[in-house]
1. Each label point is 7 Å from the Cα along the Cα-to-Cβ direction; what then is the distance between the points at B:Ser35 and B:Asn247, in nm?
2. Once phi is turned into ³J(HN,Hα) by the Karplus curve 6.51 cos²θ - 1.76 cosθ + 1.60 with θ = phi - 60°, what whole-Hz value does each residue of the range B:61-75 show in order, with x for glycine and proline?
3. Which distance in Å, rounded to a whole number, links the C-alpha centroids of the range B:183-217 and the range B:88-132?
4. Assuming a ≥ b ≥ c are the square roots of the Cα gyration tensor eigenvalues, decide whether the range B:178-290 counts as rounded (a/c under 1.5), prolate (otherwise, with a/b larger than b/c) or oblate.
5. Classify the range A:5-111 as rounded, prolate or oblate from the Cα gyration tensor: take a ≥ b ≥ c as the square roots of its eigenvalues, call it rounded if a/c is under 1.5, otherwise prolate when a/b beats b/c and oblate if not.
6. Enter the mean number of other protein chain beta carbons within 10 Å of the beta carbon of each residue in B:61-72, as an integer.
7. Report the calculated FRET efficiency for B:Gln139 and B:Asn76 (r = Cβ-Cβ distance, R0 = 22 Å), to the nearest 0.05.
8. If you take the beta carbon distance between A:Ala10 and A:Glu37 as r and set R0 to 25 Å, what does 1/(1 + (r/R0)^6) give as a FRET efficiency, to the nearest 0.05?
Amino acid sequence: MTQAVEAVSAVRVVLPGPLRQLARVTGELVVDAAPGEGGRITQRTLLDAVEARYPMLRGTMRDQDTKKRRAYVRFYACQEDLSMQGPDTPVPNEVADGREPFLVVGALAGG
Amino acid sequence: MTPSVRVLVGTRKGAFILTSDAARKSWDVAGPHFSGWELYHVKGSPVDPDRLYASQSNSWFGQLLQRSDDGGKTWNPVGNKFTYDGMPGTHQWYDGTPHPWEFKRVWHLEPSLSDADTVYAGVEDAALFRSTDGGQNWQELSGLRNHTTGSTWAPGAGGMCLHTILIDPTNHERIYVAISAAGAFRTDDGGATWKPINHGLRSQHIPNPEAEVGHCVHRIAQHKAKPNTLFMQKHWDVLRTDDAGDNWHEVSGDLPTDFGFVIDVHAHEPETVYVVPIKSDSEHFVHDGKLRVFRSRTGGNEWEPLGNGLPQKDCYVNVLRDAMAIDSLDECGVYFGTTGGQVYVSPDGGDHWQAIVHDLPAVLSVEVQTLA
């Protein structure tokens, strides 16, 4: 059972190499994500927080207007593929409370 | 300050900056910048040569634009939001069905001739964008895409890309663009309205070979002293116009094949033109296994092969449309890059060639800055 997260929370995010290069970071990011309309941190609010802290990442993970996930980008956490969940789906509690990172992954393509 | 040159190379896996003094014999190679990313184009401002713009992209993470204000030593991302003006509508897909206009990438960046903060971007799906704040924000010049023929444009094999932007050096309101596979277009009012300029082109791959649009133009080149004369490498055929594109005629002459991608004009001789013939549209490599630039000193029709210093056997590389450049030193230098990762220079207008680098990733674009 999931729990409501009502406050801004420090979440951990792991970017793929090309985006770490672009954002000029090494290792995990920690960003303060705000809860969405349902009072929970969602993919949308988590990525909003990432893009607010690292504006050079806008457009690289999702469309800047529609916020639709780019086709070759996947989102994983807690050994689950969250890519097909809607952007307003709450992230797992373990991500929301910082125990587990949210993984942004470049899909395996190209042989 | 001693004259020097700076060559900006975009490749499939990063950008490289090659520098030399005016002798162009000994080179420093810097890079890769943006390692692992496709760099479709890197170009410097003629107003401020240390202002460079770079188009960085890949299939996973999309399009980025980078700007350098120190000649490529450091870079910073600028705006990468390219939104078509209004309802984008549709163009033709390969099978002739309507297909929504979708932004994919920036093929070509053309800095303004008068303002370092103004730069044009030619994109896929074909459209022209302009930034007037150093690349932070981009607005479409939608009069081009909204031309009455726009819904009939169709992609070439490489996608429906706007790949060539030429600003008339004597009249900055006059701009030429070329689109694969729609053709060439001209504006005389700074981009508000456009007209197709394809009269004289013949293309067998379209139902009406002499149609107003639908031609796969690969590249257009211009000499600043004769701005109404343009040279074109079309899918097949090399052509010229002497009336700013209103009428074209073929000047392929005695070329071994008139398929190719690049074309450029000597810096000081408006009738000296360079092409690299490619065997055919299904065999994207040079003719006869020999890497040869062909030069015409007569504005076309009569061409001479230039291969001194270039591989003359077992060579099967291509030279892509943005991968040739000309410097403006007194003895004009000619540069080109290959899909095999070589960048060549001729410091004497094409008579002798040497490789600057042999083993870069496949070269997508080559530009050169002549630094005073």
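Bear in mind that the values in this text are calculations on the coordinates, not laboratory data. Since this is a predicted model, take the numbers as computed values, not measurements. Here the Cβ is made from the backbone with ideal geometry for all residues, glycine too, and neighbour counts use every protein chain on show.
1. Each label point is offset 7 Å from its Cα along the Cβ direction, giving 5.6 nm.
2. 10, x, 9, 10, 10, 10, 10, 10, 10, 9, x, x, 6, 10, 9
3. 16 Å
4. oblate
5. The shape class here is rounded.
6. Counting other chains' Cβ atoms within 10 Å and averaging over B:61-72 gives 3.
7. About 0.60, to the nearest 0.05.
8. Taking R0 as 25 Å, the efficiency between A:Ala10 and A:Glu37 is 0.75.
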